[in-house]
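Taking it in order: structure first as structure tokens, then the write-up.
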Amino acid sequence: MASFHGSQTTPSTATLTHSPIYHAIIQAGPRLKPLQQVHARILVTGYGRSRPLITKLLSFAYAATSPVSYTRHLFFSIPKPDTFLFHSLITLTSKFNFPRESLLYYRRMLLANISSSNYTFSAAIKSSTDLMAFSIGETIHCHVLICGYGLDVYVQAALVSFYAKSGHVRIARKVFDKMPEKTVVAWNSMISGYEQNGFGKEAIGLFYLMQDLGVKPDSSTFVSLLSACAQVGASGLGCWVHEYIARNCFDLNVVLGTALINMYSRCGNVSKAREIFDLMEEKNIVAWTAMISGYGMHGHGNQALELFSEMRVRGPRPNSVTFVAILSACAHAGLVDDGRQIFASLRQEYGLVPSVEHQVCMVDMLGRAGHLNEAYQFIKDIPKEPAPAVWTAMLGACKMHKNFDLGVEVAEHLLSLEPENPGHYVMLSNIYALAGRMDRVEKVRNIMIRNRLKKEVGYSTIDVDQKVYLFSMGDKSHPETNQIYLYLDELMSRCREAGYIPASESVMHEVEEEEREHALRYHSEKLAIAFGLLKTGPGVPIRIIKNLRMCEDCHTAIKHISVIADREINVRDRLRFHHFKDGSCSCGDYW
DNA sequence: ATAGGGTTAG
């Protein structure tokens, strides 16, 4: 081992593998401390600039737990870093959440004219994803194509995830379709991409395709799939997934468990969600928050409070999201005193800064409960200009409690902040309608038509026999449209016999003339319910999901339908669940 | 001689 005696020369790889230092590195393995000890010995013996030794150290540091600063140090101890050294640094900084730094090294590598490999590309793309830097990611995609790595599975998987996460699902799908061999990871990226962008149905469709092609799903697949089920209310598939993972002995880890809690509570089954929660061995703050929010969604404010206080005693520390969950639970259950206290503790006990969402919860909570002045004062006490969402909550409260003057004032202020938001015009027009100012209603509506402002289209979905059906208002696309409409008409006339009076106010939800005609009778949730009643046997609960909030007219009508058809009906609207049974709703008409 | 891609909550 003569070559080990001069610090100027670098040992060759052949002699290196027999050297004691090399063996020391191997023995140290991926544990950072022993690695650093060996490194110290390397420095002391004068081989600090030996590329093979440093490279070997790096390759082990890669597997260690928090090696970023150490890797930086190693990297800068070598004079002319090569592709591998750059790769290690770029990948590590990317993996341990220093995306900006990672891209900086990527640029430095390009400037030094060192060619990048497929390894480097996937890391750089991941960094762009984490930074939400769309144009950087696109540029790197170009580099990939120029360098001929366009068909590398790892690079492609990173690209799929990049495009999906930056909201370009269709491009993601294009890259995905081009993959000659699709790994589970690629399938997972695409399924999660659909789900995250609100295309739950497509996520589920892709999962079925994956099944047909015989690709074996793993636990990540199920996490995304369960979120998709939660999103579209596919309780049938959700339960199937639960059975499948139990049968195939999947480990019920925190992530999977939380996905199940979320799926069950958003599909209407809170008690099942709680069962999972109790079964989970490890519960982090996300799991607790999911359970609290599940209770909140169902209007079970007291259970949410109970769980929250249990968590304060023996659970993890609540974060900002937890507070949104518990505050909105209080808002939906009318637990104003508890809500006030919790809001105070957010700052005083936990040192958190109230976010816009917390403010919205508070205004919503106070406003619903009729404390309009307190809600207004709360807004005035917000240091900077309150966010539009806060004013929107205030406006909702004004409408709910028919406070015409304040409502108009708030609506006009909102319109000055967001003149393009159709929701505000609809709200203002509704308030005018409540006050009988039909001239103003017409005026607002004309502004909307002139500016081509259309309200988000409402739709409802229902899961029958593990298939999700979608209905929009006045929908006639279903093959059994005739039967559905006939049956719905019959239902509605029986509702009227039972004392139901269609509310005229709700008609204002629709703007266009032709829409208004059918608006009341054919709101999407009514269509979906009629379909559900036709398609399922007596005693089977009907479960509907609606993208917007339910209007008061539908709420009243469905209460009647639950009696006439003698059926339990659950509707999840944008905010919460309504369980209709025997002519009343679980929300107690408070929503 | 060396190494990598996907994951949950309102």
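For this structure, a couple of remarks:
- Cα-based shape type of the range A:459-585, given that a ≥ b ≥ c are square roots of the gyration tensor eigenvalues and the cut on a/c is 1.5: rounded
- Exposure proxy ranking, count of Cβ atoms within 10 Å, fewest first, for A:LYS455, A:LYS178, A:LYS272: A:LYS178, A:LYS455, A:LYS272
- Shape annotation for the range A:176-266: C-alpha extents along the principal axes are 37, 28, 21 Å, from largest to smallest.
- The range A:297-313 and the range A:227-279 have their alpha-carbon centroids 20 Å apart.
- Between the beta carbons of A:LYS476 and A:THR536, assuming R0 = 22 Å, the FRET efficiency works out to 0.50 to the nearest 0.05.
- The separation of the range A:315-365 from the range A:75-110, counted between C-alpha centres, amounts to 42 Å.
- C-alpha long axis of helix A:320-333 to longest principal axis of chain A, angle in °: 10 degrees
- Computed from Cα positions, the angle between helix A:99-111 and the longest principal axis of chain A comes to roughly 50 degrees.
- Taking the number of Cβ atoms within 10 Å of each Cβ as an exposure proxy, the fewest-first ranking of A:THR183, A:THR289 is A:THR183, A:THR289.
- What the Cβ-Cβ distance of A:GLU243 and A:TYR590 gives, at R0 = 41 Å and to the nearest 0.05, is a FRET efficiency of 0.70.
- Taking each of A:LYS399/A:LYS454; A:LYS272/A:LYS455; A:LYS80/A:LYS165 in turn, the alpha-carbon distance tops 25 angstrom for A:LYS272/A:LYS455; A:LYS80/A:LYS165.
- In terms of overall dimensions, the C-alpha atoms belonging to chain A reach 103, 55, 51 Å along their principal axes, ordered largest to smallest.
- Overall form of the range A:286-364 per C-alpha gyration tensor (a/c, 1.5; a/b vs b/c): rounded
- Within the range A:405-463, the GluC sites (Glu not before Pro) that combine a DSSP coil assignment with at most 13 other C-beta atoms in a 10 angstrom radius are A:GLU420, A:GLU456.
- Cleavage-rule hits, trypsin sites (Lys or Arg not before Pro), the range A:359-435, DSSP coil, Cβ neighbours within 10 Å at most 10: A:LYS384, A:LYS402
- If R0 is 51 Å, the Cβ-Cβ spacing of A:GLU409 and A:TYR208 corresponds to a FRET efficiency of close to 0.50.
- Span from the the range A:22-52 Cα centroid across to the the range A:417-462 one, whole angstrom: 70 Å
- Chain A: angle of helix A:356-368 to the longest principal axis, Cα-based, in degrees nearest 10: 20 degrees
Every number in this text was worked out from the coordinates using simple rules, so none of it is lab data. None of the values given here were measured: they were computed from a predicted structure. No Cβ is skipped: glycine too gets one built from the backbone with ideal geometry, and neighbour counts run over all protein chains shown.
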